[in-house]
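The values are calculated or read from the model by the stated rules, or taken from the named source; none is laboratory data. Since the structure is predicted, the reported quantities are computational estimates derived from the model, not experimental observations. Counting neighbours? That spans all protein chains shown, and the Cβs are built from the backbone with ideal geometry, glycine included. For the accessible areas, the whole protein counts, side chains as well, though only heavy atoms, and no ligand, DNA or RNA atoms are used. Shrake-Rupley method; radii C 1.70, N 1.55, O 1.52, S 1.80 Å.
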Amino acid sequence: MKFIFVTGGVVSSLGKGLTAAALGTLLENRGLKVALQKFDPYLNVDPGTMSPYQHGEVYVLDDGAETDLDLGHYERFTSTKLTRMNNLTSGQVYQKVLNNEREGVYLGKTVQVIPHVTDEIKRRIELLAETSKADVIITEIGGTTGDIEGLPFVEAIREFALEAGIGNTCFIHVTYVPFIKAAGELKTKPTQQSVAKLREIGITPNIIACRCEKPLDKELRQKISMFCNVPLEAVIEAKDVDHSIYEMPLMLQRERLDDLVCRILHLTTPAPNMAHWQEIIRKLIAPQHRVRVGVVGKYIGLQDAYKSVYEALIHGGIGNDCGVELVQIDAEEIEKFGAEKMLKGLGGVCVPGGFGERGIEGKILAAKYARENKLPYLGLCLGMQIATIEFARNVLKLEKAHSTEFNADTPHPVIALLDAQKKVTKKGGTMRLGAMPCQLAVGSKAGQLYGSFVIHERHRHRYEFNNAYREKFEKAGFIFSGTSPDGKLVEVIELKDHPFFVASQFHPEFLSKPHQPHPLFKGFIAAAHEQIHHKPLYSI
Ligand code: GLN
């Protein structure tokens, strides 16, 4: 088994996760079984308790783990199935070490960062190696080299590599080579210093991937090679991609990253066949059709907060050979300026998940506008609850209907706390989480789109549709097209006499991939295109 470690230097947000994921794509297409893993040096046990402003989206796995959004990239770029084993935080490491200490596992020893914390980190790499049975494990270390909190992870991978033996590990350092306008030059000094930091700990990278806005010429590569002690051919350029993150595997292939990695790890595999990725990129760059759809949210200024939703909408476009222009709409602006002004001219509107009261009324106005104007609507988790509240207030005339999350004293709690949530007091990892089965109704739009009647989708919520209102809703044309197999929990709703009004309590965005667009997103984009151009893209 072979191990690749991806570290980052100079600044954060360099796209280490994307680099790891794109390398995963290339290795998989060389016929290797790949497993990916992320180490996060913060002390939260998982990102589930962090605000989107701190962390961006929380990505949920089948087993209910709330993880870093880089795991979303791993799943979208490869076929690897992830579990809570694939994301380790300092919080989890310390929790485990402290529990061990209380249980007397360390037999009277002084418990220390080295070896106890580092051993626990190494154990998690081994555990993934054992359970995944992959040929190659790619481990990404979050944060930037030199961060105090990252040190135990860097030390652990150094020790791990030593123990794994020659030819079994490969260190990739992703770094930043800034372009200094005044000098008109790319500068390599920060990279040299960041590699020096790694070498201080005892790691010399095998490969340096340089993120840069301008091409990295031979002279600069030579400089980095010489001063960072890395062969010239192992200094690769990772220039900003022009159109889409899905160009990354092809860009890295042109730089021969996969070839280099395979040589370092003594893996003899054929060059990857990337024809299907090229076709994906063609559909992204030069699609046959185009459409604009709106996403109404409250973290709109924040690129990472709805990452999987944006990606899934783009995949829905790939599935229809249709370019998707995403219009990000702040729900509070709808409250100020009205839905008509903000949504007119769009092919459809998507209301994604969320928590907290801010922007709720704007989202309700968006759902009302979509229902009344027959504008395609896709609701995701909170987006389903919003559609329910809107229908209750404006069609059923249940005045002040609301979710008890936002108004505990509403006379019509059409969305209320799940039974299982009533006694929950702790915040971390206590929502209804992970993949659950859902039964779709025969003849429903959702059933048609999925082409199947039992599906498994991922959840992350505390509130649900209140069954006391089911009959009232049904009589008025609100369709419960998906429920838990026992029929008790509403999972998907849709509207009669509407071209596309579908909303789910689960998060379909977590299961969409560029090469396997999710059926709900594919259907939504097709409907949005039809809305504007009045002719179907494909028939279902
Ligand atoms: N806040 C809602 C709930 O907890 C919706 C959650 C979500 O959109 N993920 O049920």
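Where strands (runs of 3 or more DSSP E) fall entirely within region 434-531, those with at least 2 residues that are farther than 23 Å from L396 by Cα and touching a strand residue (DSSP E or B) at 6+ places or on another chain (Cβ under 8 Å) are at 454-461. Kindly check whether there is at least one residue in region 515-528 that is open to solvent by less than 10 Å² (accessible area, probe 1.4 Å), modelled with pLDDT of 95 or more and within 16 Å of the ligand (Cβ to nearest atom). Scanning region 515-528, I find at least one residue that is open to solvent by less than 10 Å² (accessible area, probe 1.4 Å), modelled with pLDDT of 95 or more and within 16 Å of the ligand (Cβ to nearest atom), so the answer is yes.
Among the residues making up region 412-423, those that are in contact with a strand residue (DSSP E or B) (Cβ under 9 Å, 6 or more places away or on another chain) and assigned to a loop (DSSP other than H, G, I, E, B) are H412, L418. Among the residues of region 80-121, those that are surrounded by 17 or more Cβ atoms within 10 Å (Cβ to Cβ) and among the basic types (K, R) comprise R84, K96. Restricted to region 411-430, and to residues there that are within 15 Å of A468 (Cβ to Cβ) and within 15 Å of the ligand (Cβ to nearest atom), the residue that is surrounded by the fewest Cβ atoms within 10 Å (Cβ to Cβ) is D419. From the list Y42, Y53, which residue is open to solvent by 10 Å² or more (accessible area, probe 1.4 Å), among the aromatic types (F, W, Y), more than 18 Å from the chain's Cα centre (by Cα) and farther than 23 Å from A161 by Cβ? Result of the check over Y42, Y53: Y42.
Does any residue in region 17-39 that is crowded, with 23+ Cβ neighbours inside 10 Å come within less than 7 Å, Cβ to Cβ, of a residue that is of a type in the set (D, E, K, R) and part of a helix (DSSP H, G or I) six or more places away or on a different chain, and which pairs are these? Note: pairs meeting the criteria are G17/D70; L23/D258; L26/D258; L27/D258; V34/E28; K38/D70. Those helices (runs of 4 or more DSSP H) of region 11-105 in which at least 1 residues are at pLDDT 95 or above, considering only elements entirely within it, cover 16-28, 70-77, 90-102.
Residue check: A370 meets all listed conditions (1) within 15 Å of the ligand (Cβ to nearest atom); (2) open to solvent by less than 10 Å² (accessible area, probe 1.4 Å); (3) closer than 15 Å to V502 by Cα but one, namely (1). For L433, the stated conditions do not hold, so it cannot be described as surrounded by fewer than 18 Cβ atoms within 10 Å (Cβ to Cβ) and within 12 Å of the ligand (Cβ to nearest atom).
This table checks each residue for (1) within 15 Å of the ligand (Cβ to nearest atom); (2) surrounded by 21 or more Cβ atoms within 10 Å (Cβ to Cβ); (3) under 28 Å from R358 (Cβ atoms); (4) among the polar types (S, T, N, Q).
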residue: F391; (1), (2), (3), (4): no, yes, yes, no
residue: K400; (1), (2), (3), (4): no, no, yes, no
residue: L440; (1), (2), (3), (4): no, yes, no, no
residue: Y450; (1), (2), (3), (4): no, yes, no, no
residue: R462; (1), (2), (3), (4): yes, no, yes, no
residue: K472; (1), (2), (3), (4): no, no, no, no
residue: G477; (1), (2), (3), (4): no, no, no, no
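Within region 188-195, not a single residue is on the phi > 0 side of the Ramachandran plot, outside any helix (DSSP H, G or I) and among the polar types (S, T, N, Q).
Among the residues of region 129-156, those that are assigned to a helix (DSSP H, G or I), in contact (Cβ under 8 Å) with a residue 12 or more places away in the chain and surrounded by fewer than 24 Cβ atoms within 10 Å (Cβ to Cβ) comprise A129, T131, S132, E149, G150, L151, P152, E155.
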